[in-house]
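What follows is calculated from the coordinates using simple rules that are stated; it is not laboratory data. Since we're looking at a predicted model, the values are computed, not measured. Counting neighbours? That spans all protein chains shown, and the Cβs are built from the backbone with ideal geometry, glycine included.
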Amino acid sequence: MALIQLIYVSTACEELGTVELDRILESAVRHNTAQQVTGMLLYAGGSFMQVLEGEESAVDETLGRLQVDPRHTGLFVLERAPIRARSFARWTMGFKRLDARDAAARPGYAPFFERGFDAGAIGARPGLALEMLTAFGSSQYAGGAEVRAALGRD
């Protein structure tokens, strides 16, 4: 089967704190490990942007599960494409919560996440979503044992 990469944005039904975000991340790591899905999740201003990579059937199953998750709404797929290799292969689920420091450090991206991820604005610039996920991925923590260590659970 072919590998695909899927990027979506969605809006949280309510502002999520650290505890709830940790639960989401832990669940994603468990599921993605079993499904051999890799990716990166960004959270900003009450919204999500996530990339999922893996076999088409595994990514589609994951997307189906996300579409019925009551913690968010308005899931919009920005990109879905076949890939030769994974961009986030070392992470079952990387994570970064974006804040004012990230906006100051990367002002070119700030308009796209300061008030939550804007699907229209991001989608109007092909490649921007993956560029942002990759850029912010360089300063985040990864899934598996790294998640437990980052959450102080080792």
Radius 14 Å from Cβ of Ala12, net charge of other residues (Lys, Arg +1; Asp, Glu -1):
0
Need the full-extension length gain, Asp99 to Arg86, defined as separation in residues times 0.36 nm minus the C-alpha distance. One decimal, nm.
2.0 nm
Mean separation of Cα contacts under 8 Å, 6 or more apart, over the residue count of the chain: relative contact order %:
33 percent
Would you work out which of Ser87, Gly64, Thr11 lies farthest towards the positive end of the dipole of the chain, given +1 charges on the beta-carbon of Lys and Arg and -1 on that of Asp and Glu, about the Cα centre?
Ser87
With the cut-off at 19 Å, report for region 1-141 the share of all Cα pairs above it, as a whole percent.
46 percent
Low-density loop positions, GluC sites (Glu not before Pro), region 2-53 - DSSP coil, at most 15 other Cβ in 10 Å:
Glu14, Glu15
Quick calc, the chain, dipole around Cα centre from Cβ unit charges on Lys, Arg (+) and Asp, Glu (-), nearest 20 debye, gives 280 debye
